Amino acid sequence: MADTVKITIDDIEHEVPAGMNLIDAAKLCGVDIPVFCYHPKLGHDGNCRMCLVELGLPRKNRETGEMELAWFPKLETACTQKTCEGMAIRTTTERVTDARRAVLEFLLSSHPLDCPICDKGGECPLQNLTMAHGPGTSRMYWEDRMHLGKHVALGELIFLDQERCIHCARCIRFQEKIALDPVLGFDMRGRKQQIVTSSTPGFNSIFSGNTTDICPVGALTTADFRFNARPWEMVQVATICSHCPVGCNMSFDTRTDRLAGGRTTIRRVMPRQNEAVNEIWICDKGRFARHYMEHEERLTTPLVRKGGMLVEATWEEAIREVAAQLKAAGPNIGAVAGGRLSNEDLYALQKLIRGQGSGDLSAYLPNATGGEIAARFGVGVGTNLKYLGAGDAIVVVASDLHEEAPIWWLRAAAAARRGAELIVISGRETRLDVEASQSIRCAYGAEVATLNAMLGSLPKTAVKAGESLDGMAEAIVHAKEFTADAALKAAAKTIAGAGNAVIFVGSEGLTGEASRELAQASANLLAATGHVGRANNGLIIVWPSANGQGAADMGFDPGFGPGYQPVDKPGRSYGDIFAALADDVIKVLVIAGADPVYDDLTAEESIRKTKGFIVVQEMFLTETAKLADVVLPVQSAAECEGTYTSGERRVQRFYPAVEPLGESLPAWLITQRIGEVLGQGAPSVSAAVLLAEIGRNVPQYAGITCQTLAKVEEQFPDVGGEDLYYGGTSFQNVRGLGVQWPTLAEQVDAPLSVAPAQAGEVLEPADGEMIVVPVTLVYDTEALFFKTQLLHQRVPLPHIGLNPADAGRLDMVDGDLVSLTIDDHRVAAAAYLDERVPSGVVTIPRRLQTQGAPLFATTAPVVKLEKVEA
């Protein structure tokens, strides 16, 4: 180890990192020092006094001039000490033992003895440490106990038992230091001290559930787990979050439920440690949105349209009908797949469509593209945002990470606080701008031009690392056509001089083609400055769903086959597929795991107009499914197995946790059963077998098997296990850390090249018009999320974002009902005045419905914006 020192713990010498927290250092040496307030992710607070030890430090003897070990006269808190050469501690002496016993006796003086009914019972640090170090009896008078609130709602998601709280302040410090939402604090003093929330609504943070994991007692509990099950009754099943491209590792805690007819049900969702992905945190959407999986409106049997109505049918009948329609249509078929499908689902679907002679495959990922660029210039294998700090750079362009990928926001903000240069390039201010060292505003549509200008502003010495790449000279000549102001030159200089650099590429305000060009511009800048082909360097696409990268990898891109292999005839894009459907060129369209009718008016018009045959694979009777000719019920992510590929290209496996609902089947099996009728061969016996086939046919996935995905390694800090007081109750990862496949830039002698990034035109609205920009919110009314009643209070009402200056010009005030006309479609919503929205722009949240019309559009001029009179 570099920069190590020797310390002595209980008369045994150890070598540990210099300057490390003493609690952590002891942990590395296999010595447990009990704690309540200290947490390795939060640092020290020094208020619980449970970690008291005898401490000795080296000092020079004034008389002899020799170094000697000087012991402090009083016990010292280990959590406030950092390791240094010659340090010595004693953790097992009588003084230390008596101190621990006294601390626990004081903590228990008013703590309720309700372990048999406490949700923390069985995984409670206070319970465990009391058994190990506490007194057998209490000397406190029962009548002196403090009687406080037992069911205090900090918000609708988190409840506080004030009597159980031991005032460790972990929850407060998490909100201040990690979540950057300082909405909790202490009120009162002494034994009357209690946690309070200062926000409206209460505990207003999308990371609130993490406080229940790190709480060392049963003071904080979640609304959907309180008094719901005991830890020892549940079985932990590893899974991957299906809501965003981060790929958070989680665990479904399951138990057989007699109230559900003996079915296995999910009792709670817990984070599963993966220090390279989500560390030990998850957002509240990933934690609480799982209730849709057991919703009463789930589809359980196939539906076939007869006499204009969707009626229940057998699987044999439904599959036979779909296969007959596909066979009759020949190559005039297509498929649109959602980003929540697994790699196995996607591979099977593209194989079915290509097997019938069509290449019309598109992923329903609104305006997000560039998977093939990520395959060449994505972040290197071994990337861990936790290691970015002073001397490194992170660029976030055209993305609101807080809403689109919350854990990436958390980690990017943490890197900035460690000293990394954080550069935010966007058409509007986002929450990440607060942590940014450089915030650059550009007009919507000018993002590619902005990055081109940054590349063109660099001197020749700064781009020496990438000058040998094919196409780089042309890309730089093209980039010099764009003018860079002082801010852009400074940002470019920061990236060029950084030790490591990562660019998050979003798609806010961009078309699909512009999104791809933005990825290319990012790749050019990174490659020119030598920030590709190694860990902690490269680009990350901020996909709008969990498996957007996997969809691109599996060939859901008009120009490529699986693994970005060239195709003889490029397929149609998403928009062209629906245009061809409306013109009856496409005779059969399969829509799997997507609901385009819900938020794409053009798709709805095409489906209603076509004479073609629509097949939908879905869990609910969505707006798209209501217009289908056949609806095939699929299993949820908790009922089947498969893999997702995160935005960092990390392939991770999820496992079945509960029994399938009704007759629902995995999407890949439904597709392969249709293919079997068409003569494409028998279905795979399992998703694992299909993954092996993917490994044989998709070059990037070669060698990725269930065995490699299941590999684990020791992680630090240690969480879970027997010492819950140290790292909290998030689970140790025993089911696999995943496999990150290498980019082309990492491969020796690979044919790597770049190309000039073509900047599109900046929209210039005419008089009386404004630019409408769809934006993403973490909480919306999309079917799979909105079925969770628990989170409804967090979903905002349908609204548009409007600059106060524009509102004044239009005689509007906050909350006014306004009417927007977009391509002859009228949408009504409340006006929300927001100074962060640029003048001349209207922001519209995706997936928020009002008056039966979806609030969605690609970036375009608004024909009309007016106030609706009462």
* Asked: Considering only the stretch 678-711, how many residues are charged (D, E, K, R) and exposed (fewer than 12 other Cβ atoms within 10 Å of the Cβ)?
  -> 2
* To do: For Thr4, work out the one condition from (1) closer than 22 Å to Glu275 by Cα; (2) among the β-branched types (Val, Ile, Thr); (3) surrounded by fewer than 21 Cβ atoms within 10 Å (Cβ to Cβ) it doesn't fulfil.
  => (1)
* Has the stretch 91-102 got any residue that is outside any helix (DSSP H, G or I), at pLDDT 95 or above and either of a type in the set (Gly, Ala, Ser) or open to solvent by less than 70 Å² (accessible area, probe 1.4 Å) (or both)? -> yes
* Structure fact -> Taking the stretch 554-570 and the residues there that are open to solvent by less than 20 Å² (accessible area, probe 1.4 Å) and assigned to a loop (DSSP other than H, G, I, E, B), the one that is nearest to Ala348 (Cα to Cα) would be Met554
* Residue check, Pro125 touching a residue at least 24 places away in the same chain (Cβ under 8 Å), open to solvent by less than 10 Å² (accessible area, probe 1.4 Å) and outside the structural domain of Val31 (by TED's automatic domain parsing) -> yes
* Asked: Scanning for something more than 22 Å from Val246 (Cα to Cα), open to solvent by 20 Å² or more (accessible area, probe 1.4 Å) and outside any loop (DSSP other than H, G, I, E, B), does the stretch 507-515 turn up at least one residue?
  -> yes
* Checking Gly30 against (1) touching a helix residue (DSSP H, G or I) at 6+ places or on another chain (Cβ under 9 Å); (2) on the phi > 0 side of the Ramachandran plot, which single condition isn't satisfied? -> (1)
* Within the set of pairs 6 or more residues apart or between chains, which connect a residue that is among the charged types (D, E, K, R) inside the stretch 817-833 to a residue that is surrounded by 19 or more Cβ atoms within 10 Å (Cβ to Cβ) with Cβ atoms less than 8 Å apart? -> Asp823/Ala857; Arg826/Leu820
* If you check Ala289 against the conditions, is it surrounded by fewer than 24 Cβ atoms within 10 Å (Cβ to Cβ), touching a residue at least 40 places away in the same chain (Cβ under 8 Å) and either touching a Ser or Thr at 6+ places or on another chain (Cβ under 6 Å) or not in a strand (DSSP E or B) (or both)? -> yes
* To do: Give the residue, chosen from Thr671, Thr610, Thr622, that is of a type outside the set (Gly, Ala, Ser) and closer than 16 Å to Ala348 by Cβ.
  => Thr671
* Single residue of Gln732, Gln740 found to be within 20 Å of the chain's Cα centre (by Cα), in contact (Cβ under 8 Å) with a residue 12 or more places away in the chain and open to solvent by 60 Å² or more (accessible area, probe 1.4 Å) -> Gln732
* Asked: List the pairs whose first member sits in the stretch 227-246 and is in the same structural domain as Ser399 (by TED's automatic domain parsing) and at pLDDT 95 or above, whose second member is crowded, with 21+ Cβ neighbours inside 10 Å and among the aliphatic types (A, V, I, L, M), and whose Cβ atoms are under 7 Å apart, counting only residues at least 6 apart or on separate chains?
  -> none
* To do: Answer with yes or no whether Glu714 is more than 28 Å from Glu321 (Cα to Cα), open to solvent by 40 Å² or more (accessible area, probe 1.4 Å) and part of a loop (DSSP other than H, G, I, E, B).
  => yes
* For residues in the stretch 179-193 being crowded, with 20+ Cβ neighbours inside 10 Å and touching a residue at least 24 places away in the same chain (Cβ under 8 Å), which is farthest from Ile280 (Cα to Cα)? -> Leu184
* Structure fact -> Expected single match for more than 20 Å from Ile607 (Cα to Cα) and out of contact with any His (no Cβ under 6 Å at 6 or more places or on another chain) among Lys306, Lys351 is Lys351
* To do: Return a yes/no flag: does the stretch 139-150 have any residue that is part of a helix (DSSP H, G or I), more than 20 Å from Thr729 (Cα to Cα) and modelled with pLDDT of 95 or more.
  => no
* To do: Please work out if Leu458 is open to solvent by 30 Å² or more (accessible area, probe 1.4 Å), in contact (Cβ under 8 Å) with a residue 40 or more places away in the chain and of a type in the set (A, V, I, L, M).
  => no
* To do: Might you check whether a residue that is buried (at least 18 other Cβ atoms within 10 Å of the Cβ), among the aromatic types (Phe, Trp, Tyr), within 24 Å of Ala750 (Cβ to Cβ) and in contact (Cβ under 8 Å) with a residue 24 or more places away in the chain occurs anywhere in the stretch 473-485?
  => no
* Could you grab me the full set of residues in the stretch 78-105 that are out of contact with any helix residue (DSSP H, G or I) (no Cβ under 9 Å at 6 or more places or on another chain) and under 19 Å from Ala132 (Cβ atoms)? => Thr92, Thr93, Glu94, Arg95, Val96, Asp98, Ala99, Ala102, Glu105
* Asked: Out of the stretch 256-279, which residues are in a loop (DSSP other than H, G, I, E, B) and loosely packed, with under 14 Cβ neighbours inside 10 Å?
  -> Gly261, Gly262
* Return yes when Ile158 is under 24 Å from the mean Cα position of the chain (by Cα) and either touching a residue at least 60 places away in the same chain (Cβ under 8 Å) or surrounded by 17 or more Cβ atoms within 10 Å (Cβ to Cβ) (or both) and no when it is not. => yes
* Structure fact -> Being in the same structural domain as Leu526 (by TED's automatic domain parsing), crowded, with 20+ Cβ neighbours inside 10 Å and of a type in the set (Asp, Glu) narrows Asp433, Asp470, Asp400 down to just Asp400
* To do: Identify, by number, the condition in (1) surrounded by fewer than 23 Cβ atoms within 10 Å (Cβ to Cβ); (2) out of contact with any strand residue (DSSP E or B) (no Cβ under 7 Å at 6 or more places or on another chain); (3) closer than 28 Å to Arg418 by Cβ that Pro201 doesn't meet.
  => (3)
* Asked: What pairs can you find where one residue is in the stretch 592-617 and closer than 14 Å to Ile577 by Cβ, the other is assigned to a helix (DSSP H, G or I) and hydroxyl-bearing (Ser, Thr, Tyr), and their Cβ atoms are less than 8 Å apart, with a gap of 6+ or different chains?
  -> Ala592/Thr671
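The values are calculated or read from the model by the stated rules, or taken from the named source; none is laboratory data. Since we're looking at a predicted model, the values are computed, not measured. Counting neighbours? That spans all protein chains shown, and the Cβs are built from the backbone with ideal geometry, glycine included. Calculation scope for accessible area: heavy atoms of the full protein, side chains included, ligands and nucleic acids excluded. Shrake-Rupley method; radii C 1.70, N 1.55, O 1.52, S 1.80 Å.
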